[in-house]
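S.K.: Provided herewith is a single structure, encoded as structure tokens, for subsequent inquiry.
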Amino acid sequence: MPRASQENKIIEAALDCFAELGYDGTRIRHIADKAEVAESALYRHFASKEDIARTIYHNCLHNIQDRFLEIQVSPSTAETKIKQFVELALDFYRNRPTEFSYTMIQTPNFELCLPVNFVSPLDIISKVIIEGQQQGCIRAGNPAILAASFIGSILKPIALAQMSIIPEIDSTLIRDNESLLIELGWAMLANPINTPI
């Protein structure tokens, strides 16, 4: 029977390799070397590189989903929930940058098959947007388009910081401006009729 400790080492090593080299650039040998295990040990736990990637992706998605659902069902206002979604994303980026990068920015190019009973953050945010539209605090418009734009407004500054394409935008700048990102996330969804100028 394979040792669970090796499985965790393999997952951590794969995550590092995927974040550093990308999914396509990573080979089984890279993962085994980084995990300090033989390739045969790796194959006792996982059938393929795709199997490892899918396991990591599913684990991250379930963790994110659970936290998004907690926010969605809370008795808070739609504005508070939207701001909490931004805080959650920034917290994930701050505390688990490798997982954030792999799951949210460098998603592999193969069919990941979402986990059974998985509710995507897009669907959860769309429901909160509908709730806010009914309350009159979120602008009119297609909830899915608004949710996708909202998610993009969170991910794009972080992606630019990680790619270091624009020197003025780096991880420190993101951390130092979290409250601005939270307010901007809300501002893009807020009903302009109810927003003071």
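Computed from the coordinates by the stated procedures, all read-outs in this text should not be read as laboratory data. Keep in mind that what you see is a predicted model, and the values were worked out from it rather than measured. No Cβ is skipped: glycine too gets one built from the backbone with ideal geometry, and neighbour counts run over all protein chains shown.
S.K.: Take the chain, drop everything but the C-alpha atoms, weight them equally and run the Debye formula without solvent; then report log10 I(q)/I(0) at 0.15 Å⁻¹ to two decimals.
M.R.: Scattering profile of the chain, log10 relative to I(0): -0.95.
S.K.: Between SER5 and ARG175, how many nm apart are label points set 7 Å from Cα along the C-beta direction?
M.R.: 3.2
S.K.: Now a separate question. Work out the P(r) tail for segment 1-87: percent of alpha carbon pairs separated by more than 23 Å, whole number.
M.R.: Working: 1451 of 3741 pairs.
Here the long-distance tail beyond 23 Å is 39 percent of all Cα pairs in segment 1-87.
S.K.: With a Förster radius of 22 Å, plug the Cβ-Cβ distance of GLU20 and SER48 into 1/(1 + (r/R0)^6) and report the FRET value to the nearest 0.05. Before the final figure, lay out the partial values.
M.R.: Details: r = 20 Å, r/R0 = 0.89.
Once rounded, the FRET efficiency stands at 0.65.
S.K.: How long is the gain from LYS156 to ARG29 if the chain were fully straight, where each residue apart is worth 0.36 nm and the alpha carbon distance is subtracted?
M.R.: Details: separation 127, 0.36 × 127 = 45.72 nm, distance 3.20 nm.
Gain on extension, LYS156 to ARG29, equals 42.5 nm.
S.K.: With r as the distance between the Cβ atoms of ILE193 and HIS62 and R0 = 25 Å, compute the FRET efficiency 1/(1 + (r/R0)^6) and round to 0.05.
M.R.: 0.05
S.K.: While we're looking at this one, here's another question. Sort ILE145, ILE28 by Cβ crowding within 10 Å, fewest neighbours at the top. Mind dumping the intermediate values first?
M.R.: Working: ILE145 11, ILE28 16.
Result, fewest neighbours first: ILE145, ILE28.
S.K.: What whole number of Å gives the distance from the Cα centroid of segment 177-191 to the Cα centroid of segment 126-149?
M.R.: 14
S.K.: Another one. Looking only at Cα atoms, what is the convex hull volume of segment 51-90 per residue, in Å³?
M.R.: Values: hull volume 2.0 nm³, N = 40.
Each residue corresponds to 51 Å³ of Cα convex hull volume.
S.K.: Relative to the first principal axis of the alpha-carbon coordinates of the chain, what is the inclination of helix 78-95, with its axis defined by its Cα atoms, in degrees from 0 to 90 and to the nearest 10?
M.R.: That helix lies at roughly 30 degrees to the long axis.
S.K.: Residues with amide H under 5 Å of ALA190's amide H, sequence separation 5 or more or different chain, H placed in the peptide plane at 1.01 Å from N; which?
M.R.: ARG139
S.K.: When a footprinting reagent is the concern and you count Cβ atoms within 10 Å, what order do VAL73, VAL119, VAL128, VAL37 take, fewest first? Let's see the in-between values first.
M.R.: Numbers: VAL73 11, VAL119 16, VAL128 27, VAL37 19.
Lowest count first: VAL73, VAL119, VAL37, VAL128.
S.K.: If I fit a long axis through the Cα atoms of helix 4-25 and take the longest principal axis of the Cα atoms of the chain, what angle between them do I get, 0 to 90°, rounded to 10?
M.R.: 70
S.K.: Considering only the other residues whose Cβ falls under 10 Å of the Cβ of PHE46, what net charge follows from Lys and Arg at +1 and Asp and Glu at -1? It would help to have the intermediate numbers written out before the result.
M.R.: Numbers: positive: ARG44, LYS49, ARG54; negative: GLU7, GLU50, ASP51.
With Lys, Arg at +1 and Asp, Glu at -1, the neighbours total 0.
S.K.: Now, a different point. Show me the ranking of peptides 154-160, 84-90 by mean Cβ neighbours inside 10 Å, starting with the highest.
M.R.: In decreasing order of mean packing, 154-160, 84-90 become 84-90, 154-160.
S.K.: How would you rank ARG94, ARG54, going from fewest to most other Cβ atoms within 10 Å of each one's own Cβ? If you can, show how the numbers build up before the last one.
M.R.: Values: ARG94 14, ARG54 19.
Ascending number of Cβ neighbours within 10 Å: ARG94, ARG54.
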